[in-house]
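Written out below as structure tokens is the structure these notes cover.
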Amino acid sequence: MSTAAENSPVLRCEDIEVSYGAFKAVTNVSYQFKPGLLYGLIGPNGAGKTTLMNALSGRAQLSNGRVFLNEEEITGQSPHARTWAGLGRSFQITQIFAEMTVFENLRLAAQAHRFRLQPFWRPVGKFKEIADDAERVLSEIGLEGFGHVNAGSLSHGDQRALEIGLALLSEPKVLLLDEPLAGVGHDVAEKAVELIRKVSQGRTVLLIEHNMDVVMEISDEIIVMLAGEILAAGEAETIKRDPRVRTAYLGEEE
């Protein structure tokens, strides 16, 4: 029997608004994200999806509203503070250190999570726990044999996997994924989807993705945005049948 705590939202926003001058990119959005569910966030270009994700992760300043993580208000917190609090984030454009090896990328992220201020008298290689963190995530993202390879020489799909790995090193309870399949070829898309399924276990995930087949297949709940507002939300079959969604985004033909 589930408890109230288990069903309470791990992340929620109340009436949040993001404005750029007179333009409102997100308008009065409220939502509750429950533990352990994967939420697909869809909508046409310019609908406000990435802006909403930026607002939740602290990378967009709110002109109104509040954000809570585990019932603690984080509205004024920096992105780094939110990461420490358990909110992980990947980006639409891959953000890795191309000239560093895959292992070094992961070790650097592990170092940032382990130490707010690293003891300057000990080189990073002396911290076994940092190396262990990097090795653990290296295995989790399926790149065990690529630790010594420069990140820039990885395939695009493996670079996307590495970026997800960087987000995982903060051990987030909530993971925000902004188009993790962007630029990934159809031949490796299945592997990428399996990675998303894997990292979603035991976490709340908010996923922006344009591949509708993937979103409909793996999402527990789908949120549809249009013109900076939430147009509809629900399970895949509910969204497919919603005439507003079909008109605004999915088209008239199934």
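The values are calculated or read from the model by the stated rules, or taken from the named source; none is laboratory data. Predicted, not measured: the structure shown is a model, and the values here were computed from it. We place every Cβ from the backbone using ideal geometry, glycine too, and count neighbours over all the protein chains shown.
For Leu181, the conditions (1) more than 15 Å from the chain's Cα centre (by Cα); (2) surrounded by 15 or more Cβ atoms within 10 Å (Cβ to Cβ); (3) assigned to a loop (DSSP other than H, G, I, E, B); (4) not basic (Lys, Arg) all hold with the exception of (1).
Scanning region 66-88 for residues that are of a type in the set (D, E, K, R) and surrounded by 20 or more Cβ atoms within 10 Å (Cβ to Cβ) yields a count of 1. Taking each residue of region 51-80 that is more than 17 Å from Gln32 (Cβ to Cβ) and free of Cβ contacts under 8 Å to residues at least 60 places away in the same chain and looking for partners that are basic (Lys, Arg) and surrounded by fewer than 20 Cβ atoms within 10 Å (Cβ to Cβ) with beta-carbon atoms closer than 6 Å, six or more apart or interchain, yields Pro79/Arg59.
Condition test on Ala232, is it surrounded by 15 or more Cβ atoms within 10 Å (Cβ to Cβ) and not in a loop (DSSP other than H, G, I, E, B)? Taking the combined requirement at face value, the residue satisfies it.
This table checks each residue for (1) surrounded by 15 or more Cβ atoms within 10 Å (Cβ to Cβ); (2) out of contact with any Pro (no Cβ under 9 Å at 6 or more places or on another chain).
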position	(1), (2)
Glu171	no, yes
Leu176	yes, yes
Ala192	yes, no
Ile196	yes, no
Ser219	yes, yes
Ile222	yes, yes
Ala236	yes, yes
Ala248	yes, no
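Applying a threshold of 6 Å to beta carbon distances and a minimum spacing of six or more residues, or different chains, the list of pairs starting in region 134-150 at a residue that is of a type outside the set (A, V, I, L, M) and ending at one that is assigned to a helix (DSSP H, G or I) reads Glu144/Leu138; Phe146/Val102; Gly147/Val102; Gly147/Phe103; Gly147/Leu138. Given the criteria of a type outside the set (D, E, K, R), farther than 22 Å from Thr83 by Cα and either modelled with pLDDT of 95 or more or not in a loop (DSSP other than H, G, I, E, B) (or both), does Asn28 qualify? Spelling it out, Asn28 is indeed of a type outside the set (D, E, K, R), farther than 22 Å from Thr83 by Cα and either modelled with pLDDT of 95 or more or not in a loop (DSSP other than H, G, I, E, B) (or both). Annotation note: of Ser19, Ser57, Ser63, Ser30, the sole residue that is surrounded by fewer than 18 Cβ atoms within 10 Å (Cβ to Cβ), within 22 Å of Gly88 (Cα to Cα) and not acidic (Asp, Glu) is Ser30.
Of the residues Leu106, Leu41, the single one that is assigned to a helix (DSSP H, G or I), surrounded by 17 or more Cβ atoms within 10 Å (Cβ to Cβ) and hydrophobic (A, V, I, L, M, F, W, C) is Leu106.
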